[in-house]
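Quick notes on the structure that follows.
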Amino acid sequence: MRITAIGATVAAVAVLASPVASGPAPAAFAAPAASVANNAKKPAKTASVHGEARISYIESIHDDIRFTIHAEQRPFTRPMPPTAPEGLSTDAQGTLKFSHTRGEVTGWAEATVDCLVTSGRTATLTAVVTKSNVEEPGARLGISVQQGGKSEPDRLGFSWGVVNVDPENVDENGQLVRPQAGSCMAPAPFTTVIKGGFKVVHAEITKSPTQPEAAIPRD
């Protein structure tokens, strides 16, 4: 895939093609029995990102660029033997859709979410393309989302256009080829949401069920 800014020309609407040994707690820190009982009733939070938005991107300031994201973390649901036979704590499911319209031409893609990690109001996720007129099926796309504060807009970043460049990765014509995005890898959210928005729910990642505890060094 060649690198192009997210929307350079009509051909560029290939925009987007070539777009985880503790003992009993000391008595002084033990939680009251009532508190423990209440906490036990609360379901664990699930990290997630939901929403849809139109963004403003400096390289294609007049274009209509939209993203729809529905992603939820589902730890250890994507086995990857032999390295991670249980999967990863950041495994996720959901959908990603984007469209980029310039004039009468629209580039679009649909993708299946495979990874999600959050921190506060920020999340990064990746999704593998299933259908598109500008991306190759199987390509992994990286997306970052930042939910804005009271007076701040939401923001979004994507792993093509002006980022994810390897100067030594070129095709037979010497043109830069966009590297594949690794799971949950995405740039900072460098564009601004101008319509719509996203809701980010943060949850700490879960420790691998078979990962051994780190040894405690002895004096």
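For region 148-182, filtering for residues that are touching a Phe, Trp or Tyr at 6+ places or on another chain (Cβ under 7 Å) and either modelled with pLDDT under 80 or of a type in the set (A, V, I, L, M, F, W, C) (or both) leaves 2. For region 95-112, residues that are open to solvent by 30 Å² or more (accessible area, probe 1.4 Å) and within 13 Å of the chain's Cα centre (by Cα) total 3. Taking the criterion of being in a loop (DSSP other than H, G, I, E, B), open to solvent by 40 Å² or more (accessible area, probe 1.4 Å) and more than 19 Å from Asp91 (Cα to Cα), the residues of region 174-188 that qualify are Gly174, Gln175, Ala188. Of the residues making up region 82-94, not a single one is under 12 Å from the mean Cα position of the chain (by Cα), of a type in the set (Val, Ile, Thr) and over 20 Å from Lys207 (Cβ atoms). For region 68-100, filtering for residues that are assigned to a loop (DSSP other than H, G, I, E, B) and not aliphatic (A, V, I, L, M) leaves 14.
Looking across region 123-155, just one residue is surrounded by fewer than 18 Cβ atoms within 10 Å (Cβ to Cβ), of a type in the set (Ser, Thr, Tyr) and part of a strand (DSSP E or B), and that is Thr130. Every test in (1) over 11 Å from the mean Cα position of the chain (by Cα); (2) in a strand (DSSP E or B) is passed by Cys115 save one, and that test is (1).
The values are calculated or read from the model by the stated rules, or taken from the named source; none is laboratory data. As the structure is a prediction and not an experimental result, all values here were calculated from the model. Backbone-built Cβ (ideal geometry, glycine too); neighbour counts: all protein chains shown. These area figures cover heavy atoms from the full protein model, side chains too; ligands, DNA and RNA do not enter into them. Shrake-Rupley method; radii C 1.70, N 1.55, O 1.52, S 1.80 Å.
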